[in-house]
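Working notes for the structure below.
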Amino acid sequence: MSDEVPDLVTGKPKRSPRRWAVIMLSFLVGFVVYAFTVQKTDVDLSQIQDETRREQLFRILRALANPDLVTYDQAEVIVTADVFVPCGPAAAEPEQSEPYIVVTPSCGDPGDTVTIEGFGFVPGTAAGIDFVPDSEFAVTLQMARFETDADGRFTVAAELPSRESDLAQQIQATTKTRVGTWTNRESVWTDNNDNGVEDTGIIPDTGQIQIDVSLGRVQAIGAVALVDSEDDLVQFFAFGNENVPRSGPAQGEIPFVVDSSLTQSFSGDVTGGDSVVIIAATDLAADQPTATVSGPAGTDLSDWEFVVYDIDELNRFDRTAISDLFAMSPRLSENALETWDKIIETVALALLATTVGTALAIPLSFLSARNLMRDITTPVANLSLYLLALPIGVGLGAMLGRWAGALAESLAINNWVVLAGVVVVPAAVVWAVRWAIPETDLEPPSRGLRLTRIGVLAAAGFAGIVAVFLFADLSVTVGGSLRDVTGIGFIGNFIATTGEIIEALLVVVTALLGAGVLMNLAGRLGYALRSRLPTGAIRAINVPLATAAGAVLAILIGQVIDWLYQIDNPTTTVWIPAIVGGVIGLLSAIRAYSKESVNVGLTVYYAARTLFNTLRSIEPLVMGIVFVVWVGFGPFAGSLALALHTTAALAKLYSEQVESIATGPIEAVRATGATRLQTVVYAVVPQIVPPYISFTMYRWDINVRMSTIIGFVGGGGIGFLLQQNINLLQYRAAAAQMLAIAIVVASMDYISARLRERLV
């Protein structure tokens, strides 16, 4: 019955007092909730009026709007104007070239105020005004600071210092200007070794490069090292001192000891790339010691260094660059190059995580689809035998995997044997399988023939595992030899890494295969018992089998708990779980006494759903912390974290799509007598391919964005670089990373949208 009554004038229903009371009460409750929310979130607008905070905000916003993408080298510009203290002869008029300054008045007594005007400077430049007195020493006295306007001008007032002279003294403005433009780039030289000579680092036709060695903290040279551009030690020798350095590039290295005289010359052959480079240290006892590198003309020693160690303390050292730095201005900044490298790493990280997660999620999604799992049943005896065979199969499979690995290692005496094994063994395995499993038998095989076939299949399986180990070993060898080849090193790394992954996972795979084979045999045994024994005998057998299976399952769970919490008490982790599990198995068998089979599909469904929901509830950031501890800092840890979260998320999305498919094709395929696997392949898969593609691309988009956060905990990608720059208050550098992230995310969104249009 409605609370509304019609209005006598308009005839329209009007709200009753009860309805108005509910509305007002709802408004009051909402008001109280939001009032409490504002208090808990510490909303305080008074901070907005703080001038300091506003200046900091504006500084950050300006920095973010000007990302650090381009580096301009700066050339120092010094502009001077004459001034007399006290007044004397008239100061010379400044030459009005660009830039210049004018001092008004051009003379005065100490303490007088003069006005300094600047013209033609770079707009928006901040710099200082200094007074250069008449002195035999290079002395400057700071007078003021200035910042030029949009026209490159400035005006400041400053007091003349107490430095009287009859000669003209100077006021100078020191500023910096950019070198070069994008249309007219200029080469800039940086004297890395402070010798005033442009050192290219290329050995000239004379065959020698001689460099003055920097001493720094070194009191007297006791050892000299030569390091390459990767900071790897090339050569190291000491003068009558066998001490091992405790720091620096030669840390832990035993030096080649030469004569204790510091004037002793030394030469030794060193392999450097494709050339033979010789280091000779000479005149190391002089006030300005020198060192010489000699070798074939044209040898490139760019970014190589001399490192000199103190004669008394070999943990004290100093470096001297062999080559100077030559760069073009302007150029992409180091931050821009590092940002580019990290954003590529981020995309690759997300791609790898999406690929692995998708490969795992597709088969797992069928286990968590209710419509596929709810009608899966199995006899109690078979289920009990499965559970009893599972740990035995895992143990036997792992043991066979280790035996196969040991045999493969003993066979891998050289690469040719490995190559032969990779080619011959698979061919023999294929022949053995074809013989043991013929397409047709003209007559039923005898018991002896069946046993022989089983033995041949077992031997072929073991040989196949050995062949896979040999293939993994060959991949590591071939990939390792290609890692250092210019241009294809990443392909060699991929081949070697693939081999390492196969070696690491093969024992796990053999353990799972062993469990599958033994569980299959156990299932065959269960069906054989059901076909040969009467129903009463089967029901009687179910009770001890279920009791034993429950006890074994509980013991396995107890061992996991013991490993996690280190209880180390057999009574708690073995005997009590065995008793409890046995009782539960017994009760389950009694409850299913009158049933032919039990529904295990829903049990698997709920277990899979619970696992996926648990993994999805854990943030990838937390997973990243765990994997960083396991495999170390870097993108590999981030890939593993995202792959695990992707597996759980996609498995849930995929399974929900499977649950929403049409049932007609499934019923039609089942009516033909198809197996469950055939039903999935021909009735389920065709309906889910388009949404699976859409979900996968959407997840890749998500992973690209999530990988930036994973980097905050050391999981690789651009996130770590972004966090580092923010923590260091380098907002211009951080702006470059944020810009790269925005571009990549927008590009990924566009690409995935276009792919969905074409494929879905």
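The values are calculated or read from the model by the stated rules, or taken from the named source; none is laboratory data. This structure is a prediction, so every number in the text was calculated from the model and none was measured. A quick note on method: Cβ atoms are made from the backbone with ideal geometry, for glycine too, and the neighbour counts reach across all protein chains shown.
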Meets criteria (aromatic (Phe, Trp, Tyr) and surrounded by fewer than 18 Cβ atoms within 10 Å (Cβ to Cβ)) for Phe469 | no
Please enumerate the residues belonging to the range 100-145 that are more than 49 Å from the chain's Cα centre (by Cα) and charged (D, E, K, R).
-> Asp109, Asp112, Glu117, Asp130, Asp134, Glu136
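This table checks each residue for (1) of a type in the set (Gly, Ala, Ser); (2) over 30 Å from Glu334 (Cα atoms); (3) in a helix (DSSP H, G or I); (4) at pLDDT below 80.
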| residue | (1), (2), (3), (4) |
| --- | --- |
| Thr10 | no, yes, no, yes |
| Leu28 | no, yes, yes, no |
| Val33 | no, yes, yes, no |
| Thr52 | no, yes, yes, no |
| Arg62 | no, no, yes, no |
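Quick check on this structure: which one of Leu215, Leu226 is part of a strand (DSSP E or B) and surrounded by 14 or more Cβ atoms within 10 Å (Cβ to Cβ)?
Checking each option against the conditions leaves just Leu226.
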Any residue at all in the range 173-181 that is surrounded by 13 or more Cβ atoms within 10 Å (Cβ to Cβ), in contact (Cβ under 8 Å) with a residue 12 or more places away in the chain and closer than 19 Å to Val83 by Cα?
-> yes
If we scan the range 673-690, do we find a residue that is buried (at least 19 other Cβ atoms within 10 Å of the Cβ), at pLDDT 85 or above, on the phi < 0 side of the Ramachandran plot and under 21 Å from the mean Cα position of the chain (by Cα)?
-> no
Is one or more of the residues making up the range 445-453 part of a helix (DSSP H, G or I), surrounded by 14 or more Cβ atoms within 10 Å (Cβ to Cβ) and out of contact with any His (no Cβ under 6 Å at 6 or more places or on another chain)?
-> yes
Going through the range 575-605 one residue at a time, which ones are surrounded by fewer than 17 Cβ atoms within 10 Å (Cβ to Cβ) and over 20 Å from Ser384 (Cβ atoms)?
-> Trp575, Ile576
Selection within the range 716-760 - closer than 13 Å to Val347 by Cα, of a type outside the set (A, V, I, L, M, F, W, C) and crowded, with 20+ Cβ neighbours inside 10 Å | Gly716, Gly717, Gly719
Members of the range 308-337 that are part of a helix (DSSP H, G or I) and crowded, with 16+ Cβ neighbours inside 10 Å | Asn335, Ala336
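Table: residues versus (1) farther than 17 Å from Arg370 by Cβ; (2) in the same structural domain as Ala369 (by TED's automatic domain parsing); (3) free of Cβ contacts under 8 Å to residues at least 60 places away in the same chain; (4) surrounded by fewer than 19 Cβ atoms within 10 Å (Cβ to Cβ).
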{"position": "Ser617", "(1), (2), (3), (4)": "yes, yes, yes, yes"}
{"position": "Phe627", "(1), (2), (3), (4)": "yes, yes, no, no"}
{"position": "Pro635", "(1), (2), (3), (4)": "yes, yes, no, no"}
{"position": "Thr646", "(1), (2), (3), (4)": "yes, yes, no, no"}
{"position": "Ser655", "(1), (2), (3), (4)": "no, yes, no, no"}
{"position": "Glu659", "(1), (2), (3), (4)": "no, yes, no, yes"}
{"position": "Val669", "(1), (2), (3), (4)": "yes, yes, yes, yes"}
Residue list for the range 709-742, filter: in contact (Cβ under 8 Å) with a residue 60 or more places away in the chain, of a type in the set (Val, Ile, Thr) and within 20 Å of Val70 (Cα to Cα) = Ile718, Ile741
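Would you be able to say whether some residue in the range 249-262 is among the β-branched types (Val, Ile, Thr), at pLDDT below 80, surrounded by fewer than 16 Cβ atoms within 10 Å (Cβ to Cβ) and farther than 19 Å from Phe317 by Cα?
As a first pass, look at the range 249-262 and keep what is among the β-branched types (Val, Ile, Thr): 254, 257-258.
Next, only the ones that are at pLDDT below 80 stay: 254, 257-258.
Add one more test, that the residue is surrounded by fewer than 16 Cβ atoms within 10 Å (Cβ to Cβ), and what stays is 254, 257.
Subsequent filtering for residues that are farther than 19 Å from Phe317 by Cα retains none.
So far as the range 249-262 goes, no, none of its residues is among the β-branched types (Val, Ile, Thr), at pLDDT below 80, surrounded by fewer than 16 Cβ atoms within 10 Å (Cβ to Cβ) and farther than 19 Å from Phe317 by Cα.
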